[in-house]
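Remarks on the structure that follows.
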Amino acid sequence: MNLILKTHTTYTVDEAKARMERYCAYQERCHKEVHQKLKDMRMIPEAIDQIIHHLLQHNFLNETRFSQAFARGKFNHKKWGRNRIIRELKLRDISAFNIKIALKEISEDAYLGTFEALVEKRLEQLSNESNLLKKKKKLADYLLYRGWESQLVWEQVGKIN
């Protein structure tokens, strides 16, 4: 019986910097993700601080840029509403200032247009539902889960007959 012992790779600060530069260049990252990645690499706290400082100094890490890209991407691809985007950004410890800047990435016309399209698509999926109350509940749950504002959702639900 062969036992394979898993050895943990250790990194010098320079190796870790190079890895984190590639990690951040591949996709926008927030401080929390980078910090966790460095902890997973078993870096000591002093090295983590030094590497994060290096990444910030050389513009590999920028929370404003991250939050803008995050908001744009989640809205355009996953059709998330503002509430969900805000909740997810807060989960990543993004400041209120950066969240406000990120939400400016979504134009009001595009926002309402996407909402309307999402409502139509979901109503089409629910066309077989004969119980009107169930249909309204399913639509509301779907939209609220995706983070759309409750006043918008209930306004749409009220139009269903």
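Taking the stretch 5-37 as the range and being modelled with pLDDT of 95 or more and among the β-branched types (Val, Ile, Thr) as the test, only Val34 passes. Of all the numbered requirements in (1) loosely packed, with under 11 Cβ neighbours inside 10 Å; (2) modelled with pLDDT of 95 or more; (3) among the acidic types (Asp, Glu), Asp40 misses one, and that requirement is (2). Elements of the type helices (runs of 4 or more DSSP H) sitting completely within the stretch 49-161 and holding at least 2 residues that are farther than 22 Å from Tyr23 by Cα and in contact with a Pro (Cβ under 9 Å, 6 or more places away or on another chain): there are none.
With respect to (1) over 26 Å from Glu28 (Cβ atoms); (2) exposed (fewer than 11 other Cβ atoms within 10 Å of the Cβ), the lone exception for Ala96 is condition (1).
The values are calculated or read from the model by the stated rules, or taken from the named source; none is laboratory data. A quick note: this is a predicted structure, and the numbers were derived from the prediction, not measured. Ideal geometry is used to build each Cβ from the backbone, glycine not excepted, and the neighbour counts take in all protein chains shown.
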